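Right, one structure below, let's go through it.
The values are calculated or read from the model by the stated rules, or taken from the named source; none is laboratory data. Small disclaimer: the values here were computed from a predicted structure and weren't measured. Cβ placement follows ideal geometry from the backbone for every residue including glycine, while neighbour counts extend to all protein chains displayed. For the accessible areas, the whole protein counts, side chains as well, though only heavy atoms, and no ligand, DNA or RNA atoms are used. Shrake-Rupley method; radii C 1.70, N 1.55, O 1.52, S 1.80 Å.
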Amino acid sequence: MSAALPNPRIPLSSLSAAAIAALVGFGGTVVLVVQAGQTIGGSAAQIGSMVTALCLGIAIAGAGLSYRLKMPVVLAWSTPGAALIAASSTGASWPVAIGAFIAAAAMMALLGLVPALGRLAARIPPAVASAMLAGILLPFCLALFRTFQSDAVLAGLLLVIFVVARQKFPAYALLIVLVAAIALVVGRGDIAPHDGGTMFGGMSATLPAFDWRAIVSLGVPLFLVTLVSQNLPGFVVLRSAGYQPPSQPILFVTGMASLLLAPFGAHSVNLAAITAAICTDTDAHPDPARRWLVGIFYAGFYLLLAAFAVPLVGLFMAMPHETVAAITGIALIGPLVNALGGMLAESHDREPAVLTFAATASGMTLLGVGSAFWGLVAGFLALGVRRLFQAMPSIQSASSPSADSSAKRG
């Protein structure tokens, strides 16, 4: 008797999980990507190219990795990275920002090629990295509550919807808030007249300009927050689902995807965490060996989103500033909570972490370099001084026997 063949049918839950994950990932934070593009002076066409390129990178690299590794490798854009760009106070232009994106992507690809660099990156204290991220995110969450001064109805309603949705439908809370915000501004007639451009997504390349100050203040922090806040949690999600993802090829492929798409505006393509949890769950596909198909479907939905990226970007750019600020602040509450938790998790690292947090959140610019870099400098300096003074007693105790013997000989 021949052995029973595995059931080749694809569960409907695989398609629905992929569709929901794509909508949550895109809809929950695309407004932040638009805001980041506006901060660095991007036009509507350039920001449309930015979102289109990100969606294509997520789709193509994710599908390739899922098929090659036979596991659901779910990718996303870097939400903390977008927040970092949107909070940048260095005044970097679009070409200069593109140069910083290329530098960050090259560092990620290099990390995937050289194992020693991965071990070095693992030595970055989690508390300091989390503190830098928390300092980046805090101003956006504060802006949510400042919105009450100009539009209390909008801010209050969206905040209530978010709090309730987090209790009942936590995975879809941001999507529900986004739908409610769009319905509210459309119902009130608050959408400004705008040129929607083409109906389909488009991409336009920009010649990068490399400025060391932008690379230091934007490129290096972008690399770090993407590594610590996106890629590392993404690996944890895959391992929790029973997979053994090889870190080096995944980091190299996502780094190269970011590098190739950076001239079109893509700031970072990396592992997802929240949306990955949806696609790696047993509800998405009961057979772990065939669950990689969910990653393929997810990539397909991002190809569809790429096709309509330009009109979607036009919609968000036509929204009132208060609406964008409220949606962004709500979208970053969860990441801020996680970052603050990581910042304060280790009691012996709290002081360096708080210094990093305060310096980053200050938004200061010194020597043309932004606050995220100076936050890291403050944290590493505090750690270095502490370790130096901790080492001094051992040095003194090591020298004391010879001192005692000299005294006896005298």
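The helices (runs of 4 or more DSSP H) located wholly in region 253-339 that include 2 or more residues which are within 20 Å of Ile47 (Cβ to Cβ) and in contact with an Asp or Glu (Cβ under 8 Å, 6 or more places away or on another chain) occupy 321-331. Filtering region 326-354 to residues that are touching a residue at least 40 places away in the same chain (Cβ under 8 Å) and more than 18 Å from the chain's Cα centre (by Cα) leaves Ala326, Leu344, Ala345, Glu346, Asp349, Arg350, Pro352, Ala353, Val354. Just wondering, is there one or more residues in region 69-91 that are assigned to a helix (DSSP H, G or I), open to solvent by 10 Å² or more (accessible area, probe 1.4 Å) and without any contact (Cβ under 8 Å) to a residue 12 or more places away in the chain? Among the residues of region 69-91, not one is assigned to a helix (DSSP H, G or I), open to solvent by 10 Å² or more (accessible area, probe 1.4 Å) and without any contact (Cβ under 8 Å) to a residue 12 or more places away in the chain, which makes the answer no. Could you list, in sequence order, all residues of region 320-354 that are over 22 Å from Leu224 (Cα atoms), among the aliphatic types (A, V, I, L, M) and at pLDDT 80 or above? Result: Ala325, Ala326, Ile327, Ile330.
Name the one entry in Ala358, Ala353 that is assigned to a helix (DSSP H, G or I) and either open to solvent by less than 30 Å² (accessible area, probe 1.4 Å) or among the aromatic types (Phe, Trp, Tyr) (or both).
Working: Ala358 fails: either open to solvent by less than 30 Å² (accessible area, probe 1.4 Å) or among the aromatic types (Phe, Trp, Tyr) (or both).
Result: Ala353 is the single residue among Ala358, Ala353 that is assigned to a helix (DSSP H, G or I) and either open to solvent by less than 30 Å² (accessible area, probe 1.4 Å) or among the aromatic types (Phe, Trp, Tyr) (or both).
Does Ala127 fit the bill of being touching a Pro at 6+ places or on another chain (Cβ under 8 Å), farther than 20 Å from Asn270 by Cα, touching a residue at least 12 places away in the same chain (Cβ under 8 Å) and surrounded by 23 or more Cβ atoms within 10 Å (Cβ to Cβ)? I'd like the intermediate steps shown before the answer.
Numbers: touching a Pro at 6+ places or on another chain (Cβ under 8 Å): yes; farther than 20 Å from Asn270 by Cα: yes; touching a residue at least 12 places away in the same chain (Cβ under 8 Å): yes; surrounded by 23 or more Cβ atoms within 10 Å (Cβ to Cβ): yes.
Yes: the conditions hold for Ala127.
Consider Ser371 carefully, then state whether it is at pLDDT below 85, within 24 Å of Ile40 (Cα to Cα) and out of contact with any Asp or Glu (no Cβ under 9 Å at 6 or more places or on another chain).
Values: at pLDDT below 85: yes; within 24 Å of Ile40 (Cα to Cα): yes; out of contact with any Asp or Glu (no Cβ under 9 Å at 6 or more places or on another chain): yes.
In short, yes.
For region 361-377, filtered to residues that are part of a helix (DSSP H, G or I) and within 27 Å of Gly28 (Cβ to Cβ), the residue that is most open to solvent (accessible area, probe 1.4 Å) is Ala361. For region 36-55, a residue qualifies if it is part of a helix (DSSP H, G or I) and surrounded by 24 or more Cβ atoms within 10 Å (Cβ to Cβ), and the qualifying residues are Ala36, Gly37, Ile47, Gly48, Ser49, Met50, Val51, Thr52, Ala53, Leu54, Cys55. Restricting attention to region 114-155, the residues that are in a helix (DSSP H, G or I) and under 25 Å from Gly379 (Cα atoms) add up to 23. Taking the numbered list (1) among the aliphatic types (A, V, I, L, M); (2) over 25 Å from Ala105 (Cβ atoms); (3) in a helix (DSSP H, G or I) in turn, Val228 passes all entries but (2).
Scanning region 107-118 for residues that are open to solvent by less than 50 Å² (accessible area, probe 1.4 Å) and within 17 Å of the chain's Cα centre (by Cα) gives Met108, Ala109.
Yes/no per residue for (1) within 14 Å of Ser78 (Cβ to Cβ); (2) modelled with pLDDT of 85 or more; (3) touching a Ser or Thr at 6+ places or on another chain (Cβ under 6 Å):
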| residue | (1), (2), (3) |
| --- | --- |
| Leu12 | no, no, no |
| Gly25 | yes, no, yes |
| Gly41 | no, yes, yes |
| Ser49 | no, yes, yes |
| Ala53 | yes, yes, no |
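Filtered by the rule that a residue be open to solvent by 40 Å² or more (accessible area, probe 1.4 Å) and within 22 Å of the chain's Cα centre (by Cα), region 234-243 gives Val236, Arg239, Ser240. Residues in region 203-222 that are assigned to a helix (DSSP H, G or I) and over 10 Å from the mean Cα position of the chain (by Cα): Trp212, Arg213, Ala214, Ile215, Val216, Ser217, Leu218, Gly219, Val220, Pro221. Test Gly25 against the criterion of being among the small types (Gly, Ala, Ser), farther than 24 Å from Ala183 by Cβ, in contact with a helix residue (DSSP H, G or I) (Cβ under 8 Å, 6 or more places away or on another chain) and open to solvent by 10 Å² or more (accessible area, probe 1.4 Å), and give yes or no. So Gly25 fails the test. Regarding Ala276, is this residue in contact with a strand residue (DSSP E or B) (Cβ under 6 Å, 6 or more places away or on another chain), surrounded by 24 or more Cβ atoms within 10 Å (Cβ to Cβ) and in contact (Cβ under 8 Å) with a residue 12 or more places away in the chain? Answer is no for this residue.
Return the residue satisfying two criteria in turn: it lies in region 156-192 and is assigned to a loop (DSSP other than H, G, I, E, B) and free of Cβ contacts under 8 Å to residues at least 60 places away in the same chain, and of such residues it is surrounded by the fewest Cβ atoms within 10 Å (Cβ to Cβ). If you could, list the steps in order and put the result at the bottom.
Within region 156-192, the first condition is being assigned to a loop (DSSP other than H, G, I, E, B), and the residues that meet it are 169, 189-192.
Next, from what is left, pick out any that are free of Cβ contacts under 8 Å to residues at least 60 places away in the same chain: 169, 189.
Working: Phe169: 11, Gly189: 6.
Within region 156-192, the match that is surrounded by the fewest Cβ atoms within 10 Å (Cβ to Cβ) is Gly189.
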